[in-house]
1. Filter the stretch 221-247 down to residues that are without any contact (Cβ under 8 Å) to a residue 40 or more places away in the chain, assigned to a loop (DSSP other than H, G, I, E, B) and of a type outside the set (A, V, I, L, M) and give me whichever is surrounded by the most Cβ atoms within 10 Å (Cβ to Cβ).
2. Can you pull out every residue in the stretch 67-93 that is closer than 20 Å to Arg157 by Cβ, part of a helix (DSSP H, G or I) and of a type in the set (S, T, N, Q)?
3. Any chance you could count how many residues in the stretch 140-152 are among the hydroxyl-bearing types (Ser, Thr, Tyr), out of contact with any Lys or Arg (no Cβ under 9 Å at 6 or more places or on another chain) and assigned to a helix (DSSP H, G or I)?
4. Determine which single condition Leu196 fails, assuming it passes every other condition in (1) at pLDDT below 95; (2) buried (at least 21 other Cβ atoms within 10 Å of the Cβ).
5. Considering only the stretch 266-276, I want to know if a residue exists there that is in a loop (DSSP other than H, G, I, E, B) and more than 17 Å from Cys162 (Cβ to Cβ).
6. Does Arg96 satisfy being under 21 Å from the mean Cα position of the chain (by Cα), assigned to a helix (DSSP H, G or I) and either farther than 29 Å from Tyr210 by Cβ or among the basic types (Lys, Arg) (or both)?
7. Suppose we filter Ile98, Ile105 for residues that are in contact with a Ser or Thr (Cβ under 7 Å, 6 or more places away or on another chain) and at pLDDT 95 or above; which single one remains?
8. Quickly run through the stretch 142-163 and pick out the residues that are among the aliphatic types (A, V, I, L, M) and crowded, with 16+ Cβ neighbours inside 10 Å.
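The values are calculated or read from the model by the stated rules, or taken from the named source; none is laboratory data. Because the structure is a prediction, the values reported are computed rather than measured. Using ideal geometry, Cβ is built from the backbone for each residue, glycine included, and neighbour counts are taken over all protein chains shown.
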Amino acid sequence: MSDKESTTADGQSSEGLPPMEGGRWRPVKPEELLRRHPAVDPDEAGDRAVDESNPKVTLERRQTLEHHLKQSPTDLEAYLELGRIYRVENRPADSRRILRQAADIFPDEEGVRWELEEAMLARSLQQLREVTELAARLDTVETEHELQRCNADWAARRIEVCRARLERNPLLHHLRVSLAEAMYDADEFSDAIAELDDVLEMDELSPAAYLLRGRCLLQSGNDIDAMVALRAAAMRRAVVAPLPIRVLALRLLCEVAERLGVQQTLLQYQQQLQHTEQELANLRASKSH
């Protein structure tokens, strides 16, 4: 099993976990894209709440805003609200279109740039989902090529947005993990490793960063250095990683040790993995009660 197909302790694909818990980027709802640590206050950006529970009200509001902007094309708040409504209606292409118009008028508005980036991500993700569903029904060379293209675009858009936001605010360190995740998906392993250097010593981010560094090194064929990074993700006492990360790192360590034929080391990793898997299972069981 390759690193990109790794599983969790209970046999489930790591795709279901967010990057900060050891999983890879997975299809998420558009509103989840990169908003976990917003660079701007949505209220300050004019991001008014949209009543998703009443489609009729939303439709009427959208039509009102569309008409209003034809008469008043410099209303920043109207652009932002209309862009949000398009997103709620699962129309990210229209959201991207209207926010690009706003960006042309308000090139220095951080709120507009932020929302435009979210719309770009949402559109890329929408295309990936649509083609994934199509490929599941039609197993053809054409759909496979289109799926590869959409996966590449999804990684490229995340790279583009993370880089832009980091350029505007280098203190958004969490985005370096997100950027490295996207680079990993784009097979840009050396760039991902370099991007992680700045967060390896940050307690909150280092477990995920070491795990991802190990994955990148494995994909690059550097098993020895990969084991060093994976041990840091799984066994450091100074910064104890979340259980899902420790399990994933130990699974990979077992795979590498078995491949390299280091039986005594493999036995140690297997024992540690068994203990950590049980700890994770107990934790999940306690949460389910």
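1. Restricting to residues being without any contact (Cβ under 8 Å) to a residue 40 or more places away in the chain, assigned to a loop (DSSP other than H, G, I, E, B) and of a type outside the set (A, V, I, L, M), the top hit is Asn222.
2. Across the stretch 67-93, there are no qualifying residues.
3. Adding up the residues that qualify gives 0.
4. (1)
5. No, that holds for no residue.
6. Yes, satisfied.
7. Ile105
8. Within the stretch 142-163, Leu147, Ala155, Ile159, Val161 meet the criteria.
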